[in-house]
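Below you'll find the structure, written out as structure tokens, and then a few comments.
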Amino acid sequence: MSTASESTGKLGPQQRTQLAWITAGALAMFVGMRFLPTGTNLNHMDFRVSGQNAIDFCDPSNPQFIPVVAVRSPVAMTVRWDPGLEAGRTLRPGMDLQADHEGRNTVMLRTANGKVIESQDLLVAHTRKLHLLIVDPTLEDYQHVHPEPGRVPGEWTFSYTPQRGGKYRVFADFTPAATGRGLYASADLEVADDRLLSVSPTRPGVPGTFPLRAEKKEFRFLLDAVVTPLRAGQPADLKFSVARHDGGVVVMEPVMGAYAHLVAFDEARSGFAHLHPVEADLTKKPDAIRPELNFKITIPSAGRYVIWAQVNLDGSEVFAPFWFEVVN
């Protein structure tokens, strides 16, 4: 026999009480999840700057050239050489980091409102929390390093050996935990060179015609564009391949979670583009004789550019440059 509440489709007092408790429990769980600690004391608004000409969060699935120097970043970066950390060298007051000498350096990252950015404030992206892309004025010396958290909150330390003198530009590539989107910053580091009397400075490379070629060690590198010439503001598809001079097997291993990384700089070093291959599945190894990988890029302005390729071949990282020109 049906009750009155069942026949009319209405809930009885006991059922209404149960529903109220279930609703309250779900609401409490939702609110509690919002306030669970995430490991970072920073929030989304710490990485926002108002006004025009401000850098926005970047989508890694749509790689573009980022004019880091010309826009306002929500993160301020400073980088300094720490002479007190050098060993086995006679240091004089005011001495700069020297070319062809390994130097210990410190990076400090702060948000636009002055908060320091520590290790727990960044997500791991391509196996590291902080990537530094370092390039000299001629764009002939490019290095990719990964700082580690220092003793002072907000400080990150790294070592590297510049190959020549001049004002090196340091680009930082990182992903805040509060946003989950890539951000960038830049700073300059002066490098002295006591070898200037014996070492002639080199001029930037001459743009070539696609397909572009480079040689390092026993390997031959090729970078080609599906459509040429590359035009400003238009998406471009690139093909990168490696081969041995003797036609032997190319043992390509992942580096930073990808089989290759391409980094593009403009001649003025106003910014960069950090590219990763379309072939993201590391379980599918490239061809053993002539591995080929595909990349996408959009460059907003005409001019001269260089793309540095970084790959792990036979267990060693190899860097190869390609100079090219983008037209209007």
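Under 7 Å by Cβ, and 6 or more places apart or on different chains, what pairs join a residue from region 112-124 that is touching a residue at least 60 places away in the same chain (Cβ under 8 Å) and outside the structural domain of TYR184 (by TED's automatic domain parsing) with one that is among the aliphatic types (A, V, I, L, M) and surrounded by fewer than 15 Cβ atoms within 10 Å (Cβ to Cβ)?
none
Considering (1) surrounded by 20 or more Cβ atoms within 10 Å (Cβ to Cβ); (2) modelled with pLDDT under 95, say which one GLY315 fails and leave the rest.
Exception for GLY315: condition (1).
Report, by residue number, each residue of region 46-87 that is of a type in the set (Val, Ile, Thr) and at pLDDT 85 or above.
VAL68, VAL69, VAL75, THR78, VAL79
Within region 139-162, count every residue that is assigned to a loop (DSSP other than H, G, I, E, B) and either surrounded by fewer than 16 Cβ atoms within 10 Å (Cβ to Cβ) or free of Cβ contacts under 8 Å to residues at least 40 places away in the same chain (or both).
Matching residues across region 139-162 total 6.
Collect the residues in region 163-172 that are surrounded by fewer than 20 Cβ atoms within 10 Å (Cβ to Cβ), in contact (Cβ under 8 Å) with a residue 40 or more places away in the chain and among the basic types (Lys, Arg), keeping them in residue-number order.
Within region 163-172, just ARG164 meets the criteria.
Kindly list the number of the only condition in (1) surrounded by fewer than 13 Cβ atoms within 10 Å (Cβ to Cβ); (2) in a loop (DSSP other than H, G, I, E, B) that fails for GLU215.
(2)
Does LEU262 satisfy the condition of being modelled with pLDDT of 95 or more, within 20 Å of HIS144 (Cα to Cα) and not small (Gly, Ala, Ser)?
yes
Do any residues in region 173-201 that are surrounded by fewer than 21 Cβ atoms within 10 Å (Cβ to Cβ) have Cβ atoms under 7 Å from those of residues that are modelled with pLDDT under 75 and part of a strand (DSSP E or B), where the two are at least six apart or on different chains, and which pairs are they?
Pairs found: ARG181/CYS58; GLY182/CYS58.
Which count do you get for residues in region 163-185 that are closer than 21 Å to ALA99 by Cβ and either touching a strand residue (DSSP E or B) at 6+ places or on another chain (Cβ under 8 Å) or in a strand (DSSP E or B) (or both)?
Number of matching residues: 8.
Go through (1) in contact with a His (Cβ under 6 Å, 6 or more places away or on another chain); (2) modelled with pLDDT under 95 and name the single condition LEU282 misses.
So LEU282 meets the others, but not (1).
Does LEU293 satisfy the condition of being buried (at least 18 other Cβ atoms within 10 Å of the Cβ) and more than 30 Å from ALA187 (Cβ to Cβ)?
yes
The values are calculated or read from the model by the stated rules, or taken from the named source; none is laboratory data. Every value quoted in this text rests on a predicted model; they were computed, and no experiment measured them. Glycine gets a Cβ as well: all are built from the backbone with ideal geometry, and neighbour counts include every protein chain shown.
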